[in-house]
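The values are calculated or read from the model by the stated rules, or taken from the named source; none is laboratory data. Keep in mind that this is a model prediction, so the values were computed, not measured. We place every Cβ from the backbone using ideal geometry, glycine too, and count neighbours over all the protein chains shown.
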Amino acid sequence: MNPNTREQAEGTHRSRTAPVAAPALPTRTKHEGARLYELDALRLAAALSVMIYHYTFSGPGGGLISLSFPGISQVTRYGYLGVDAFFMISGFVVLLSAWDRTPRRFLVSRAVRLYPAYWAAVTLTAIVCAVLGAGRFPVSGTRYLANLTMLNAPLGVKNVDVVYWTLWSELRFYIVVFALVLIGLTRRRVTAVLWGWLGTAVLIETGLLPPTVSRALEVLVQSQWAHYFIAGMALCLLRKYGPSRSAIALVLAAFGNALYRGIGFAEAVGRRYGDAFSPTVVSAVITAIFLIMVGVALGWTHRLGRSWFVEIGALTYPLYLLHAYIGFILFNQLQGTAEPHILLAAVCIIMIASAYAVHRWIEKPIAWALNRVLARAADPVSTTTG
């Protein structure tokens, strides 16, 4: 798959309820049941890095913001790698949370997690674009309604906001985890799927498969991002069962592929914006992401976690969904009212406050109601008798 995949995406800016088979597992690791507070902070850090990347590098470079930040953009241009961190965290957390769930419960948990904040963000973004966007970010009624399903990409409908492209990647990853939940999660099964997934991704990357076969497989394999999901899932196995040769080998293989694809993608980003990215810096950031996640899996970072990280981590998803087009419009509306760096800080604060408002007064109430409705539909016996 061509390393331009993400840039192209940005530029276009069973009802079975049988219980899951119990895995035959050895003694659990001492950290397995602990709350991973540090991941909440890591999520927010990734979202902030993506936001700053858009505001200081890709926004100005793509002509979406009239201001420029030539100094700090030498560093913030690497903030797009926050998305890579998101995918690795998803691989780890989604598999970990799916382990004791039935297929229906898994689907309910994912829907409740994804849709409430997303519906709010799509609606708010569409309104702001229509009222203040000056025609730069047009949103038709059809496009808005298609986006509410989160399935607009396979339908050929453009995203309301450029950042939504990652959600289609996440949904396809959920299909893989859902299939594992259906057949029953065990270490052996997950390991086999991960090796098969990684092997298929490499075959696609190297062009060893017929083009028609590659295109068909790519829909689910996602060779551009597979290594991050795979590494996260392998680290989940490492956390549940302790280190094993297979899990370690998977992480190392995924790491190697991440470096290869990451350097290639950085070159593509550089060509798009007419600027240079250091392969050394890209490799260092990817290495840091892997090392931090290994530390999380092995419990090395547990002492760094704080209970209040849950509160700030809850802002991650709405902040990611809201920041791009609304932020660009704010910059253009407020241009000239303050020094650029002060304006940057102000827009960031506004977007963080907006994310809090969406989480507190929209996402949480809708998620609570949606969970009750879907949980009742998924398990009517327990909800009516319990």
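How do the pairs read when you match residues in the range 61-73 that are closer than 14 Å to A338 by Cα with residues anywhere that are assigned to a loop (DSSP other than H, G, I, E, B), using Cβ under 8 Å and keeping only pairs 6 or more apart or on different chains?
S66/Q335; L67/Q335
May I ask you to list pairs of residues, at least six apart or on different chains, whose Cβ atoms are under 6 Å apart, with the first in the range 154-174 being basic (K, R) and the second being outside any loop (DSSP other than H, G, I, E, B)?
Here the result reads R172/L220, each pair linking the range 154-174 to a residue that is outside any loop (DSSP other than H, G, I, E, B).
I'd like to know if the range 315-329 contains one or more residues that are modelled with pLDDT of 95 or more, over 22 Å from V108 (Cα atoms) and part of a loop (DSSP other than H, G, I, E, B).
The answer is no; no qualifying residue exists.
In contact with an Asp or Glu (Cβ under 9 Å, 6 or more places away or on another chain), surrounded by 15 or more Cβ atoms within 10 Å (Cβ to Cβ) and part of a helix (DSSP H, G or I): does that describe A253?
no
From the list A357, A353, A367, A338, which residue is of a type in the set (A, V, I, L, M, F, W, C), assigned to a loop (DSSP other than H, G, I, E, B) and at pLDDT 95 or above?
Answer to the selection: A338.
Is it true that L155 is within 18 Å of R110 (Cα to Cα), among the aliphatic types (A, V, I, L, M) and either assigned to a loop (DSSP other than H, G, I, E, B) or within 22 Å of the chain's Cα centre (by Cα) (or both)?
Taking the combined requirement at face value, the residue does not satisfy it.
Out of the residues in the range 48-81 that are among the hydrophobic types (A, V, I, L, M, F, W, C) and not in a helix (DSSP H, G or I), which is surrounded by the fewest Cβ atoms within 10 Å (Cβ to Cβ)?
I72
Given L107, L48, which one is closer than 30 Å to W197 by Cα, at pLDDT 95 or above and of a type outside the set (K, R)?
Step by step, each of L107, L48 is checked, and only L107 is closer than 30 Å to W197 by Cα, at pLDDT 95 or above and of a type outside the set (K, R).
Evaluate the following for T316: is it out of contact with any helix residue (DSSP H, G or I) (no Cβ under 7 Å at 6 or more places or on another chain) and of a type in the set (S, T, N, Q)?
It is false that T316 is out of contact with any helix residue (DSSP H, G or I) (no Cβ under 7 Å at 6 or more places or on another chain) and of a type in the set (S, T, N, Q).
Consider N332 against the criteria (1) over 18 Å from V128 (Cβ atoms); (2) out of contact with any helix residue (DSSP H, G or I) (no Cβ under 6 Å at 6 or more places or on another chain); (3) buried (at least 16 other Cβ atoms within 10 Å of the Cβ): it satisfies all of them except one. Which criterion is unmet?
All conditions pass for N332, except number (1).
Among the residues of the range 149-181, how many are among the basic types (K, R) and closer than 17 Å to G196 by Cα?
1
Can you tell me which residue among R271, R261, R245 is out of contact with any helix residue (DSSP H, G or I) (no Cβ under 6 Å at 6 or more places or on another chain) and surrounded by 23 or more Cβ atoms within 10 Å (Cβ to Cβ)?
Just a single option satisfies the conditions, and that option is R261.
Within the range 306-313, can one find any residue that is assigned to a loop (DSSP other than H, G, I, E, B) and out of contact with any helix residue (DSSP H, G or I) (no Cβ under 7 Å at 6 or more places or on another chain)?
For the range 306-313, residues assigned to a loop (DSSP other than H, G, I, E, B) and out of contact with any helix residue (DSSP H, G or I) (no Cβ under 7 Å at 6 or more places or on another chain): present.
Please determine whether any residue of the range 117-124 is among the aliphatic types (A, V, I, L, M), modelled with pLDDT of 95 or more, surrounded by 19 or more Cβ atoms within 10 Å (Cβ to Cβ) and under 30 Å from A247 (Cα atoms).
Taking every residue of the range 117-124 in turn, none turns out to be among the aliphatic types (A, V, I, L, M), modelled with pLDDT of 95 or more, surrounded by 19 or more Cβ atoms within 10 Å (Cβ to Cβ) and under 30 Å from A247 (Cα atoms).
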